[in-house]
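Q: There's a structure below that I have some questions on.
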Amino acid sequence: MRLVIAFLLPIATFSFALGITLPMMRLEKLYFLEERPSLIDVIQGLWVEGDAALAVVIALFSVIFPAAKIALTHVAAVTGGRSRSLALLSAVSKWSMLDVMLVALVLFAAKTSGLAAASLLPGLWFYAGATLATALAAMLCQRA
């Protein structure tokens, strides 16, 4: 089990870094305008446009909580669950799927509005992979 955790955590960390920096989706508007925003670009754009509250909420649930979950899973794996990291990990894990749901809602809104055609790009796949790898590693850490 330790070997699986040691395999999953670097994959989760690397995938998370790629997931928030690579473009997550391609939005084609009016057949000639195209955007390829990453999660960081979305947060930065919201902040610049004056939607600071929304930018903070998205940053918190899509970047800070998942990064904290990955860090706490690393600590739990190294300490073997003998620290308070498992309790914190349990608390943070409750918010772990909110980030994926948020991205899915944005993609759904873009596709159903009729104003843009949306398609998935590697950033979303890396982000989803990081979420799944972290969830699996956290579950294995709690069992060990």
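The values are calculated or read from the model by the stated rules, or taken from the named source; none is laboratory data. Small disclaimer: the values here were computed from a predicted structure and weren't measured. As a convention, Cβ positions derive from the backbone with ideal geometry for all residues, glycine included, and neighbour counts pool all protein chains shown.
Q: Given the structure, is THR21 β-branched (Val, Ile, Thr), in contact (Cβ under 8 Å) with a residue 12 or more places away in the chain, touching a Ser or Thr at 6+ places or on another chain (Cβ under 6 Å) and closer than 13 Å to PHE126 by Cβ?
A: Taking the combined requirement at face value, the residue satisfies it.
Q: Could you tell me how many of the residues in the stretch 118-138 are more than 14 Å from the chain's Cα centre (by Cα) and loosely packed, with under 15 Cβ neighbours inside 10 Å?
A: Selection size over the stretch 118-138: 2.
Q: Follow-up. Determine whether the stretch 105-119 contains at least one residue that is modelled with pLDDT of 75 or more, of a type outside the set (Asp, Glu) and in a helix (DSSP H, G or I).
A: no
Q: Looking at LEU3, is it under 20 Å from CYS141 (Cβ atoms) and out of contact with any Cys (no Cβ under 9 Å at 6 or more places or on another chain)?
A: Taking the combined requirement at face value, the residue satisfies it.
Okay, residues lined up against (1) at pLDDT 80 or above; (2) more than 20 Å from PRO10 (Cβ to Cβ); (3) among the hydroxyl-bearing types (Ser, Thr, Tyr):
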site	(1), (2), (3)
PRO37	yes, yes, no
VAL48	yes, yes, no
LEU60	yes, yes, no
LEU89	no, no, no
LYS94	no, yes, no
PRO122	yes, no, no
PHE126	yes, no, no
THR131	yes, no, yes
LEU136	yes, no, no
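Q: For the stretch 10-64, which residues satisfy the criterion of being of a type in the set (A, V, I, L, M), surrounded by 15 or more Cβ atoms within 10 Å (Cβ to Cβ) and more than 30 Å from ALA77 (Cβ to Cβ)?
A: Of everything in the stretch 10-64, those that are of a type in the set (A, V, I, L, M), surrounded by 15 or more Cβ atoms within 10 Å (Cβ to Cβ) and more than 30 Å from ALA77 (Cβ to Cβ) turn out to be MET25, LEU27, VAL42, LEU46, ALA55.
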